[in-house]
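Enquirer: One structure, pasted below without further comment.
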Amino acid sequence: MSDLLYQIALTLVPNIGDVHAKSLISIYGDAQSVFKAKKKELENLEGIGTVRANSIKSFTDFTSSEAEIKFIEQYKITPLFITDKNYPQRLLNCYDSPLLLFYRGTADLNTSRIISIVGTRSNSDYGKAVCEKIVEELQSENVLVVSGLAYGIDTIAHKAALKNNLSTVGVLAHGLDRIYPPQNKSMAKQMVEQGGLLTEFLNNTNPDKQNFPKRNRIVAGMCDGLVVIESGKKGGSLITAELANGYNKDVFAIPGKTTDSKSEGCNYLVKNNKASLITGGDDLLEMMNWKSATKTTHKKQRELFIEFTADEKIVVDILQQHESLQIDQLYFKSSLSSSAMAAALLMLEMNGIVDSLPGKVYKIS
């Protein structure tokens, strides 16, 4: 049986969620080895115990995995297991990130600049105009726009990205066998060609209420920064913003009238220092330090007069090949340990070779 069969099966085992599954993968290396482990051995693992060990050893529903593989092959879907290089690396810093994702699209989910945009389903004309303006102003920096394909601000953000030739990815609260809301089918088809559709749910999964918070954690976790455009104080967008803060992402909010219920959530985030106030895309690019500037070489020439350690040279060589890189991408490309990476970056920053940007992004000075 293929690795994918066991990977899908591991997501179906009762009592084994993403956190426990990832812990098991870190110990055994792959999903097949988890299923082949001895029961006593599993029972003795921290956090697993008898109940979860029994769930793993008694699991027999591999037919569901086989059916899903047929669906994946039929519709040319790309499965992304947590150990795959194309899995969204920013999600690796999120303790509850999905074990397995399903993707249809062309966009690089590990591109250097990703912004998620969320907001109310019942936007005002003001919210629509602000959202369109922000996305238009992101065009010059080739930012990937992520949202949840819902009514309102989500749909506006996706449409604006498509209009401005930006890649845009919709994160779904259901399987890839359907589009919800159905009114977005045409747009979703275009997104597959100019971005993508991403989900952790198997086909035949309905857009049930409990799936949306799970969807929101992916929207919050796979970006560098999250923008909230119009939200009530108890909306799903506020939950997404809280998740993003918990993941140490940069969070931004568009202010509104104090008497406007649609702006109550954004004003709350700013007032309580849970989001930075922005009024447009230029503010966002400025605060993310993403504005293009005329490149000079005099700073890079200082490298000629500095002797790098082996670890520092690895980091410099990687960063010289990219305009900027997020810390997860640096880990992946360098294969350095977290302590070795931290030490190398510290010395490079102190010597003025590397700059640290918001969102744990680094670039050559």
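Enquirer: Where residues in segment 338-365 are modelled with pLDDT under 85, on the phi < 0 side of the Ramachandran plot and assigned to a loop (DSSP other than H, G, I, E, B), which of them is farthest from the chain's Cα centre (by Cα)?
Expert: Only one residue fits best here, namely 351.
Enquirer: For segment 239-271, name all the residues that are under 14 Å from residue 117 (Cα atoms) and either buried (at least 21 other Cβ atoms within 10 Å of the Cβ) or of a type in the set (S, T, N, Q) (or both).
Expert: 240, 241, 243, 244, 249, 250, 251, 252, 253, 254, 266
Enquirer: Could you check segment 312-330 and list, in sequence order, the residues that are part of a helix (DSSP H, G or I), at pLDDT 85 or above and closer than 25 Å to residue 224 by Cα?
Expert: Across segment 312-330, the qualifying residues are 312, 314, 315, 316, 317, 318, 319, 320, 327, 330.
Enquirer: Okay, next question. May I ask you to say which residue of 54, 93, 44 is among the polar types (S, T, N, Q) and within 30 Å of residue 334 (Cβ to Cβ)?
Expert: 93 is the lone residue from the list that is among the polar types (S, T, N, Q) and within 30 Å of residue 334 (Cβ to Cβ).
Enquirer: Among (1) touching a Leu at 6+ places or on another chain (Cβ under 8 Å); (2) over 30 Å from residue 107 (Cβ atoms); (3) of a type in the set (S, T, N, Q), which single condition is residue 86 missing?
Expert: For residue 86, the failing item is (2).
Enquirer: Evaluate segment 28-44: report whether one residue or more is in contact with a Pro (Cβ under 9 Å, 6 or more places away or on another chain) and in a helix (DSSP H, G or I).
Expert: no
Enquirer: Here is a follow-up. Restricting attention to segment 328-365, which residues are free of Cβ contacts under 8 Å to residues at least 60 places away in the same chain, within 20 Å of residue 114 (Cα to Cα) and among the aliphatic types (A, V, I, L, M)?
Expert: Residue satisfying the conditions is 330 alone.
The values are calculated or read from the model by the stated rules, or taken from the named source; none is laboratory data. The structure displayed is predicted, hence computed values, not measured ones. Methodologically, a virtual Cβ is constructed for each residue, glycine included, from the backbone with ideal geometry; neighbour enumeration extends over all protein chains shown.
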